[in-house]
Amino acid sequence: MAGIGVTEFVGVARGDTIGLVIANVDDEVRKAMNVETKYRSIGIVGARTGAGPHIFAADEAVKATNAEIVSIELPRDTKGGGGHGNLIIFGADDVSDVRRAVEVCLGELERTFGDVYGNEAGHLEFQYTARASHAVAKAFGAPVGKAFGITVGSPAAIGVVMADNAVKAATVDVVGYSSPGHGTSYSNEVILSISGDSGAVKQAIISAREIGLKLLAQLGAEPVSDTKPYI
Amino acid sequence: MAGIGVTEFVGVARGDTIGLVIANVDDEVRKAMNVETKYRSIGIVGARTGAGPHIFAADEAVKATNAEIVSIELPRDTKGGGGHGNLIIFGADDVSDVRRAVEVCLGELERTFGDVYGNEAGHLEFQYTARASHAVAKAFGAPVGKAFGITVGSPAAIGVVMADNAVKAATVDVVGYSSPGHGTSYSNEVILSISGDSGAVKQAIISAREIGLKLLAQLGAEPVSDTKPYI
Amino acid sequence: MAGIGVTEFVGVARGDTIGLVIANVDDEVRKAMNVETKYRSIGIVGARTGAGPHIFAADEAVKATNAEIVSIELPRDTKGGGGHGNLIIFGADDVSDVRRAVEVCLGELERTFGDVYGNEAGHLEFQYTARASHAVAKAFGAPVGKAFGITVGSPAAIGVVMADNAVKAATVDVVGYSSPGHGTSYSNEVILSISGDSGAVKQAIISAREIGLKLLAQLGAEPVSDTKPYI
């Protein structure tokens, strides 16, 4: 991927994901983007398909580098699917920091796409982290430092039952609940986000995954992961 | 469809529609969903494709059962088409009531998809009820108890001409008018909703349907219904 | 296309575009549409795919006729792509004026689609006018009478780098910057709009186009124009 003659280019990944950096953002553009002046350099990750996978990947990136999260935006996309795409901006004083953040983020995607399951009717998604950092805090309001996870169902109806199931399966705190008209970009999803004891969050997610897979299978083929489940 | 081992599952229908129930909604999830405590049980209908068909089917469901409408949300969906999907929540004190509502709703969809016409360029939709109840009241502001109908055109430009044509064809009251930037979830539709004398509402819709079918045919094949027209 | 027996029909064009007129808009519909009474006649252009091409085409239409722009709305569409469709309403006292505007608009589309480049992963778009008129003023806040242009990248990440690149390539004024969560209808695009000296605006766009084409090519095939580049 090197040698395309564009210094801004870092790499690509699944989901039509592209990673980019700008060493010195133009002042006019910075102002229009609402990026603070302390971030001389920005890293950019964007994709047509995926929001959870990229946000949880970005969370690892901010843990592993000096870059910070500037903004996370969620287009209504997935190329005809029921979910979101994403645009994530990292900021740092030095371009090597944001480049490293973008690299870490791209590198995590193979893992964070592991619990995304799809068929011709819809998709399910599950994410988990033992220690939430500033990307999932920004995107989902996660309490930093605590175990945190999400369950996502599309069509949204399946997400409702998964949410109820998750919270009944273990003692967890409901951090957020998003639906087509509230908290999503009009995606056809219900997203539950939960926090709490590490084992409890995991148990809640695993329980929701079990019922979600059975329900989505009623609308089409057995839902499958494109990579390898990690939860 | 029985025997999948999930008590929440009720059934599926066209449009990637799934019907579900929760007998006792978890209190944390109920709060997050903004469901009143008087609804111990909820019924859930959701689909990737369709809003009008499901709302008018839900209207029959609330007429036929003790369940009430809790919420109606419209994702921007239809799997690459120009319209909406849906997420409809019924509420009742008893799970048998919401289960019955979901069953009635799923059962009505074959009929309410009857006046949905599509081709490779877009779709048209027409719905009519002789007596509006609380689902169409919630979704469209329909006056309860009166004849009510909608005309939907996508691309939205066709919906504009259908709206004008409908209102000129008979003496009806304009209840609402939604367009991509006002009142839809950024769908590519213009939706007219009308009320009034039963014969007049029907006449207005039939007239709009006639011109809409001719216009959409200019962008592709003859638009066809997937089921059987009912208006 | 003549002889379909619908006086409202004007014509069709690429992008599932349809052009229509209503000689005397019904008063109830006019009110619901929020169209001023001075516009007895309206012209309607709408499409599943395209916003920039249609807005810049409409700009030529208002320059060339007595019709004015009533409204421009942007559904989240493009049939599974990452961008917008459109619904543009022209107004005039006389139906011949809006018909002429619709005809000019449809006629310009072959040109204004010239700098739209797509592949399986996304699209890029560039538009330029030496003298902005009331359509681009309404849609983008362009200063009337001045040279004006836009750069659009999808996935949005590519649009960020193009925006920075454009503004560094020439001395131009940033008029606007839209992203998935700010100023678009949740499309997966970053849109930069710029004004200034004619040569500078063109130079900025050409520079952004060069880098954008290289970046989008990393996610799929060489992006191509469906018609003929004009900038």
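Every read-out reported here was derived from the displayed coordinates using simple, explicitly stated rules and does not represent laboratory data. Given the structure is predicted, the values throughout are model-derived calculations rather than measurements. Virtual Cβ from ideal backbone geometry, glycine too; neighbours counted across all protein chains shown.
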Scan of segment A:25-50 for residues that are touching a residue at least 40 places away in the same chain (Cβ under 8 Å) and either in a loop (DSSP other than H, G, I, E, B) or in contact with a Gly (Cβ under 8 Å, 6 or more places away or on another chain) (or both), ordered by number = A:Val35, A:Glu36, A:Lys38, A:Tyr39, A:Arg40, A:Ser41, A:Ile42, A:Gly43, A:Ile44, A:Val45, A:Gly46, A:Gly50
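With respect to A:Glu222, determine if the residue is within 11 Å of chain B (Cβ to nearest Cβ) and surrounded by fewer than 24 Cβ atoms within 10 Å (Cβ to Cβ). Show your work before the answer.
Details: within 11 Å of chain B (Cβ to nearest Cβ): no; surrounded by fewer than 24 Cβ atoms within 10 Å (Cβ to Cβ): yes.
In short, no.
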task = Look through C:Gly83, C:Gly107, C:Gly43 and report the one residue that is out of contact with any His (no Cβ under 6 Å at 6 or more places or on another chain) and more than 25 Å from C:Val144 (Cβ to Cβ).
result = C:Gly83
task = Tell me which residues, restricted to segment B:200-225, are within 21 Å of the chain's Cα centre (by Cα) and among the basic types (Lys, Arg).
result = B:Lys202, B:Arg209
note = Within segment C:30-51, the residues that are crowded, with 24+ Cβ neighbours inside 10 Å and polar (S, T, N, Q) are C:Thr49
request  = Could you figure out which of (1) under 27 Å from B:Val224 (Cβ atoms); (2) over 11 Å from the mean Cα position of the chain (by Cα); (3) among the β-branched types (Val, Ile, Thr) isn't true of B:Val136?
outcome  = (2)
inquiry  = Looking at segment A:32-55 only, could you name the residues that are more than 8 Å from chain C (Cβ to nearest Cβ) and charged (D, E, K, R)?
reply    = A:Glu36, A:Lys38, A:Arg40
note = With criteria (1) away from chain C (no Cβ under 11 Å); (2) part of a helix (DSSP H, G or I); (3) of a type in the set (Val, Ile, Thr); (4) surrounded by 23 or more Cβ atoms within 10 Å (Cβ to Cβ), B:Val152 comes up short on (2)
inquiry  = Out of the residues in segment C:158-187 meeting the condition of being under 16 Å from the mean Cα position of the chain (by Cα) and touching a residue at least 60 places away in the same chain (Cβ under 8 Å), tell me which one is nearest to the other protein chains (Cβ to nearest Cβ).
reply    = C:Ser185
message = For the list (1) among the aliphatic types (A, V, I, L, M); (2) more than 7 Å from chain B (Cβ to nearest Cβ); (3) assigned to a loop (DSSP other than H, G, I, E, B), I need the number of the one condition that A:Ala204 fails.
response = (3)
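Considering C:Gly85, C:Gly81, C:Gly145, C:Gly107, which residue is buried (at least 19 other Cβ atoms within 10 Å of the Cβ) and more than 12 Å from the chain's Cα centre (by Cα)?
Working: C:Gly85 fails: more than 12 Å from the chain's Cα centre (by Cα); C:Gly145 fails: buried (at least 19 other Cβ atoms within 10 Å of the Cβ); C:Gly107 fails: buried (at least 19 other Cβ atoms within 10 Å of the Cβ).
Result: C:Gly81 is the single residue among C:Gly85, C:Gly81, C:Gly145, C:Gly107 that is buried (at least 19 other Cβ atoms within 10 Å of the Cβ) and more than 12 Å from the chain's Cα centre (by Cα).
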key: Sole residue being among the hydroxyl-bearing types (Ser, Thr, Tyr) and more than 22 Å from A:Ile72 (Cα to Cα), chosen from C:Ser198, C:Ser187   = C:Ser198
remark   = Flagged in segment C:1-20 as more than 9 Å from every other protein chain (Cβ to nearest Cβ) and either among the aromatic types (Phe, Trp, Tyr) or in contact (Cβ under 8 Å) with a residue 12 or more places away in the chain (or both), in numbering order, are C:Thr7, C:Val10, C:Ala13, C:Arg14, C:Gly15
ask   = Which of the residues that make up segment C:186-217 are of a type outside the set (A, V, I, L, M), within 14 Å of C:Val161 (Cα to Cα) and surrounded by fewer than 24 Cβ atoms within 10 Å (Cβ to Cβ)?
value = C:Ser207, C:Arg209, C:Glu210, C:Lys214
inquiry  = Which of the numbered conditions does C:Leu74 fail, given that it passes all the others? Conditions: (1) more than 12 Å from B:Ala157 (Cβ to Cβ); (2) facing chain B (nearest Cβ under 8 Å); (3) out of contact with any His (no Cβ under 7 Å at 6 or more places or on another chain).
reply    = (3)
inquiry  = For A:Leu216, only one of the following conditions fails: (1) assigned to a helix (DSSP H, G or I); (2) more than 12 Å from chain B (Cβ to nearest Cβ). What is its number?
reply    = (2)
remark   = In segment B:110-142, residues that are crowded, with 20+ Cβ neighbours inside 10 Å, assigned to a helix (DSSP H, G or I) and either small (Gly, Ala, Ser) or touching a Cys at 6+ places or on another chain (Cβ under 7 Å) (or both) total 2
message = Anything in segment B:155-181 that is crowded, with 24+ Cβ neighbours inside 10 Å and assigned to a strand (DSSP E or B)? List them, or say none.
response = B:Ser179
message = Looking only at residues that are without any contact (Cβ under 8 Å) to a residue 60 or more places away in the chain and either out of contact with any Ser or Thr (no Cβ under 6 Å at 6 or more places or on another chain) or farther than 27 Å from A:Gly145 by Cβ (or both) in segment A:188-201, which one is farthest from the other protein chains (Cβ to nearest Cβ)?
response = A:Gly199
query = Only one residue in A:Tyr117, A:Tyr39 is hydroxyl-bearing (Ser, Thr, Tyr) and farther than 27 Å from A:Ile191 by Cα, so which one is that?
reply = A:Tyr39
key: Looking only at segment C:52-73, and only at residues there that are touching a residue at least 40 places away in the same chain (Cβ under 8 Å), crowded, with 24+ Cβ neighbours inside 10 Å and of a type outside the set (Val, Ile, Thr), the one that is farthest from B:Arg76 (Cα to Cα)   = C:Ala61
